[in-house]
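Have a look at the structure below before the remarks.
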Amino acid sequence: MSLFDWFADRRKNAPVVRSSQGPEPDEGDGLWSKCPECSLVVYRKDLISNAHVCKGCGYHHRINSEERIRLIADPGSFEALDADLAPTDPLAFKDRRSYADRLRDSQQSTGLRDAVVTGLCRLEGIPLALGVMDFRFMGGSMGSVVGEKLTRLIEEATARRQPVLIVCASGGARMQEGMLSLMQMAKISGALERHREAELLYIPLLTHPTTGGVTASFAMLGDLILAEPKALIGFAGRRVIEQTLREKLPDDFQTAEYLQDHGFVDRIVPRTELRATMATLLRLHAPARQAKPVGR
């Protein structure tokens, strides 16, 4: 048996482990939606009007990048940057399927070129550089295009003296690009350091899930780190940590609430309160931002 066949057999027989937020519902195109947490059945239009948050239990349904932008940016203010950047297959990677085929399928199913959308917008009239990761595209994994788009966004924000908000939703670095994906951690972090040296504000919003190389880099480098309720946040998986430490971890380990209690997250913000919270933070930061001359 080859090593690949051994791993394939292990994966086939492994038990299914669900996240702390439970299964994501298949909402389809129906008129009604059932909450996977409390089983409340709601009219889909009511769910959408409440930012896809269950009114019964507060469960945050997963949403795509387009909906995120609609909830954050002032209407009509978002201008996309580097929308034509698309990934290649530099390693000619293939496991059960080729990387090129996986990219093609994700692009067709999501309408995106890669797992992040970046651009400039306004939030209650305040200029903001916004990056939004989309978990639908290969689990929001960070490849060379994701790293390049986020780096360019941060550099543009630094030149314009604007704050940056990055909405994180990712399984980590994209293994199909090997070291080319891992180097994006350092590249984005370097751009954020230059942004910080210019005394500009950077806020990451950690959503479910934020893991792997994204957590180990730009997701944890914010001046203020926000998170959505009950979001899964961590580097290695729970089972890996338990097997390494040989001890049982708390039930709420790697949740946003656990990280806030231990000082890794500054504030948990329900999605319905994000715009108001961000507007307040941007206004508080505005005097420092305007203290230096505007321009490149």
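Every number in this text was worked out from the coordinates using simple rules, so none of it is lab data. Quantities reported herein were computed from a predicted structural model and do not represent experimental measurements. Neighbour counts run over all protein chains shown; Cβ positions are idealised from the backbone, glycine included.
Please order 105, 134, 223 by the number of other Cβ within 10 Å, starting at the fewest. Before the final figure, lay out each step's value.
Numbers: 105 12, 134 27, 223 18.
With the fewest neighbours first, 105, 134, 223 line up as 105, 223, 134.
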GNM, the chain, Cα, under 10 Å: largest mean-square fluctuation among 115, 286, 219?
286
Just want the ordering: 187, 94, from fewest to most Cβ atoms lying within 10 Å of their own Cβ.
94, 187
Using θ = phi - 60° and Karplus 6.51 cos²θ - 1.76 cosθ + 1.60, couplings along the range 207-221 (whole Hz; Gly, Pro as x):
10, 7, x, 10, 9, x, x, 5, 4, 6, 9, 5, 5, 10, 10
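Relative contact order (percent) for the chain, with alpha-carbon contacts under 8 angstrom and 6 or more residues of separation?
For the chain, the relative contact order is 14 percent.
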Magnitude of the Cβ-charge dipole of the chain, K/R +1 and D/E -1, about the Cα centre, nearest 20 debye?
80 debye
Would you please give the residues with an amide H less than 5 Å from that of residue 93, counting only those at least 5 places away or on a separate chain, with H modeled from the backbone geometry?
99
Cys residues of the chain with no disulfide-compatible partner (no other Cys Cβ under 4.7 Å) are 121, 168
Tell me, what ³J(HN,Hα) does each residue in the range 270-281 have, in order and in whole Hz, if you take phi through Karplus 6.51 cos²θ - 1.76 cosθ + 1.60 with θ = phi - 60° and put x for Gly and Pro?
x, 4, 5, 10, 5, 4, 5, 5, 4, 4, 4, 5
State, to one decimal in nm, how far the label point of residue 249 lies from the label point of residue 95, with both points 7 Å from Cα in the Cβ direction.
2.0 nm
For residue 124, list long-range residues whose amide hydrogen, built 1.01 Å from N in the peptide plane, is under 5 Å from its own amide hydrogen.
74
Over all directions, the chain yields a Cα convex hull whose mean projected area in nm² is 17.1 nm²
Amide H partners (placed H, <5 Å) of residue 265, local residues excluded:
260
Net lengthening on full extension, residue 43/residue 67 (0.36 nm per residue, minus Cα-Cα):
6.9 nm
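Neighbour counts of other C-beta atoms within 10 Å: give me 65, 144, 49 arranged from fewest to most.
Values: 65 24, 144 19, 49 9.
Starting with the residue having the fewest Cβ neighbours, the order is 49, 144, 65.
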